[in-house]
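Heads up, the thing below is written out as structure tokens.
Just so it is clear, none of the values below were taken in a lab; they were calculated from the coordinates. Worth saying up front: this structure is predicted, and the values here are computed from it rather than measured. Neighbour counts run over all protein chains shown; Cβ positions are idealised from the backbone, glycine included.
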Amino acid sequence: MPFLVVYAMEFISPLTWGVLMSASVLLLCLLPLPFGMLADARGRVALYVGGVAMLGVSYILFSLGGLLWFVLFTALMSLGMAMYQAQQSAIMADIVESRVRGRIMGGYLFAVYVSGMVGGALGGYIYGASNPLPFIICGVLFLASALLLSLVFRKS
């Protein structure tokens, strides 16, 4: 979401944003391994779905604007990303046959990047109309994805 920093600059300094993003990267360095180990011991799906849901909550909090919400956004976004990204490839390996795994992963990444391209342009248009609205929409889409994932994994 390219407009995160533009929106944040309405409320905090560039230095504060830089510190928050550095803290985010630090969390993303430290958390995936413990989450991966936990998933190996207890199961991947709950962490995967929970991480996606946490991303949804983080973007909705970000839309509120202000330092407190940005700190919470940074923590929850980093935690959510570490939770779901550590599981994503492992789940793919668990459920997709090795002979087609490359094609499936390629198709998945194609969908991710196309949606990011379209979402970035659409987000910019929406941002022009209402600053916090793209972040609310993004949060709702992550929450809907978490719900859909929980239903899909429950059936399988």
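Details
- Test result for Tyr84, touching a Gly at 6+ places or on another chain (Cβ under 6 Å), aromatic (Phe, Trp, Tyr), crowded, with 19+ Cβ neighbours inside 10 Å and within 21 Å of Val5 (Cβ to Cβ): no
- Residues within the range 94-105 that are in a helix (DSSP H, G or I) and either loosely packed, with under 11 Cβ neighbours inside 10 Å or in contact with a Leu (Cβ under 8 Å, 6 or more places away or on another chain) (or both), tallied: 3
- Number of residues in the range 24-56 that are in a helix (DSSP H, G or I), over 14 Å from Leu148 (Cα atoms) and touching a helix residue (DSSP H, G or I) at 6+ places or on another chain (Cβ under 6 Å) equals 10.
- The residues on offer are Gly139, Gly128, Gly120, and the sole one that is of a type outside the set (S, T, N, Q), within 19 Å of the chain's Cα centre (by Cα) and either outside any helix (DSSP H, G or I) or loosely packed, with under 15 Cβ neighbours inside 10 Å (or both) is Gly120.
- Hits in the range 1-47 - residues which are in contact (Cβ under 8 Å) with a residue 60 or more places away in the chain and closer than 20 Å to Gly123 by Cβ: Met1, Pro2, Phe3, Leu4, Val6, Tyr7, Ala8, Glu10
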